[in-house]
Ligand SMILES: [Zn+2]
């Protein structure tokens, strides 16, 4: 459950479960089921947290995703963040096709984190159509995070 997906400015890298080929899912198409470019098997929906590794990738994702985006702000030294990781992954799996779950390391991606008023981590932001619609913080079980997302 701790598996994360990689991303770049053009989309999310999704390995094909049938042949292992790394397929890129464009951010604009994350709500749809893709097909493997190599073996043509149906790809699963994005069901794991996506690691954000550049401001450009983050900007592309939030401006192009047709799905709401839930952001987990975390850092390696943060104990509650480590406890939160499997809960965040569980929420991502349960809300596949409903929302995208992304992770922002606040030490490595300070330029992204500085766009949000984060006072402590773990912290969470919900974005719809490129705008922040809700923020919360502190450890929470997957069910509570999903309830917060759905009522916001
Ligand atoms: Zn394949």
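Here is how the numbers come out for the structure above:
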{"quantity": "Solvent-free Debye scattering, log10 I(q)/I(0), computed from the Cα coordinates of the chain at q = 0.12, 0.13, 0.15, 0.18 Å⁻¹", "calculated": "-0.46, -0.54, -0.72, -1.04"}
{"quantity": "Stretch gain in nm, segment residue 29-residue 114, where the contour uses 0.36 nm per residue and the Cα spacing is subtracted", "calculated": "27.9 nm"}
{"quantity": "The range 46-151: antiparallel DSSP beta bridges as a percent of all, rounded to 5", "calculated": "60 percent"}
{"quantity": "Inter-centroid distance (Cα atoms) of the range 78-152 relative to the range 7-40, Å", "calculated": "23 Å"}
{"quantity": "Three-way shape call for the range 103-142 based on the alpha-carbon gyration tensor, with the a/c threshold at 1.5", "calculated": "oblate"}
{"quantity": "Acute angle (nearest 10 degrees) that the helix 142-151 long axis makes with the longest principal axis of the chain, alpha-carbon atoms", "calculated": "90 degrees"}
{"quantity": "Ascending count of other beta-carbon atoms within 10 Å, so fewest first, for 88, 58", "calculated": "58, 88"}
{"quantity": "Neighbour-count ranking [beta-carbon atoms within 10 angstrom, fewest first] of 83, 52", "calculated": "83, 52"}
{"quantity": "Gain on full stretching of the segment that runs from residue 107 to residue 41 - 0.36 nm per residue minus C-alpha separation", "calculated": "20.0 nm"}
{"quantity": "Ellipticity estimate at 222 nm from DSSP helix runs (n ≥ 4, -39,500 (n - 2.57)) divided over the chain, nearest 500", "calculated": "-7500 deg cm²/dmol"}
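We did not get these values from a lab; they are worked out from the coordinates using the rules stated. All values derive from a computational prediction rather than experimental measurement. We place every Cβ from the backbone using ideal geometry, glycine too, and count neighbours over all the protein chains shown.
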